[in-house]
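The block underneath contains the structure these notes are about, expressed in structure tokens.
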Amino acid sequence: MKPFAYLRADSVEEAAAAHARLPGARYLGGGTNLVDLMKLGVETPTALIDISRLPLGQVAELPDGGLRIGSMARNSDVAAHPLVRARHPVLAQALLAGASGQLRNVATTGGNLLQRTRCPYFQDVSKPCNKRRPGSGCAALDGVHRDHAVLGHSDHCIAVHPSDMAVALAALDADIELYGTQGARTVPAAAFHRLPGDRPEQDSVLLDGEIVTAVVLPAAAPGTVSLYRKARDRASYAFALASVAAVLELDGGRVRRVRLAFGGLAHRPWRAATAEARLTGAEPTAARVEEAVREELAGARPLRDNAHKVTLAHNLACDTLTTLARRAATTPGTP
């Protein structure tokens with residue numbers, strides 16, 4: 001491991017200022033991803049700015065019924081929080097589907113959003129990777145890519161984003177609060193991560209030195225139901241081959257509001273805008289759901305070895321949405 005400096009910040013302002021004066025610095029929260037990448041030689045920070053003790057670990061109820069989750073809140077604490085479980089079960093389910101219990105006890109909300117891809121070519125410094133070293137090429141294109149993207153990828157990168165939590169946040173219309181030397185700003189969770197294009201090294205719209213300070217969940221309307229489903233190679237501690245986060249609200253047997261996001265298919269959580277538009281105002285019959293999901297996935301571009309992901313995602317989304325439709329029909333608060 002290469003030597004690096006270490007300092008502990010007492011405020012977000014101090015952390016951002018330190019980052020600005022220390023080129024090559026990285027923020028350290030739980031460290032469950034960053035430290036691994038440092039051991040592999042993928043990350044070689046000149047300094048670690050420890051923000052783990054900043055007062056950003058609370059889950060607070062907002063006056064309108066929404067929730068603000070601090071970026072240092074541990075994944076296990078968020079998943080177990082009674083208000084999260086009661087109002088946004090899709091988020092608790094997504095968190096519990098990720099990593100192991102030991103890792104969830106350390107991993108933070110902000111770090112979960114900012115974790116890097118688990119593409120083996122990204123993690124192997126002996127292989128070309130445009131995400132790790134721009135312009136070097138993408139070894140996965142002609143290599144082993146069973147687990148890689150089928151939506152939104154480019155010739156520069158076919159990696160997928162690994163977070164389960166981020167998929168749920170995209171479906172919940174959450175906002176992400178940020179702070180940097182230029183001040184505070186808010187970004188919708190669904191727009192926080194980027195598709196690779198010709199700049200795959202840029203995972204998100206985060207500006208240099210910005211800190212994720214909180215995630216804000218809007219209030220859940222009465223009768224809203226939600227669900228997270230994940231398909232993976234083994235029952236625990238495995239990243240998604242495909243996952244689905246869905247939020248549904250009915251009115252008189254028709255869809256008043258639906259939000260659907262896929263994980264494991266793209267460089268970012270994939271918000272299913274086409275399927276949502278097709279279902280809004282309609283009865284969520286099995287046939288209508290199947291048609292909407294099929295249209296959403298019509299633009300998929302599977303690679304040599306991962307066409308199975310399209311079928312897997314289709315079946316997972318259809319089953320999730322029809323399950324929610326039945327549940328919503330009998331949920332108190334639904335008109």
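The values are calculated or read from the model by the stated rules, or taken from the named source; none is laboratory data. Because the structure is predicted, anything quoted here is derived from the model rather than measured. We place every Cβ from the backbone using ideal geometry, glycine too, and count neighbours over all the protein chains shown. Accessible surface is based on the protein model in full, side chains and every heavy atom, while ligands, DNA and RNA are left aside. Shrake-Rupley method; radii C 1.70, N 1.55, O 1.52, S 1.80 Å.
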Note to self: Give me the residue from region 200-251 that is of a type in the set (Lys, Arg) and within 15 Å of the chain's Cα centre (by Cα) and, out of that set, surrounded by the most Cβ atoms within 10 Å (Cβ to Cβ).
What the structure shows: Lys230
Item checked: Within region 9-43, tally of residues that are outside any helix (DSSP H, G or I) and touching a Leu at 6+ places or on another chain (Cβ under 9 Å) -> 14
Check: If the Cβ limit is 8 Å and pairs must be 6+ apart or interchain, which residue in region 197-222 that is without any contact (Cβ under 8 Å) to a residue 12 or more places away in the chain and more than 19 Å from Gln182 (Cα to Cα) pairs with which residue that is among the hydroxyl-bearing types (Ser, Thr, Tyr) and outside any loop (DSSP other than H, G, I, E, B)?
Finding: none
Next item on the list: Go through the residues of region 177-193 one by one and say whether even a single one is without any contact (Cβ under 8 Å) to a residue 40 or more places away in the chain, under 29 Å from Ser52 (Cβ atoms), among the hydroxyl-bearing types (Ser, Thr, Tyr) and open to solvent by 10 Å² or more (accessible area, probe 1.4 Å).
Entry: yes
Next item on the list: Report, by residue number, each residue of region 270-283 that is touching a residue at least 40 places away in the same chain (Cβ under 8 Å) and more than 26 Å from the chain's Cα centre (by Cα).
Entry: none
Next item on the list: Considering only region 268-284, state which residues are in a loop (DSSP other than H, G, I, E, B), surrounded by fewer than 20 Cβ atoms within 10 Å (Cβ to Cβ) and in contact with a helix residue (DSSP H, G or I) (Cβ under 8 Å, 6 or more places away or on another chain).
Entry: Ala282
Check: Hey, among the residues in region 4-35 that are surrounded by 15 or more Cβ atoms within 10 Å (Cβ to Cβ) and of a type in the set (D, E, K, R), which one's farthest from Ser126 (Cα to Cα)?
Finding: Glu14
Check: In region 292-335, what residues are over 20 Å from the mean Cα position of the chain (by Cα), assigned to a loop (DSSP other than H, G, I, E, B) and touching a residue at least 24 places away in the same chain (Cβ under 8 Å)?
Finding: Arg301, Pro302, Leu303, Arg304, Asp305, Asn306, Ala307, Thr331, Pro332, Gly333, Thr334, Pro335
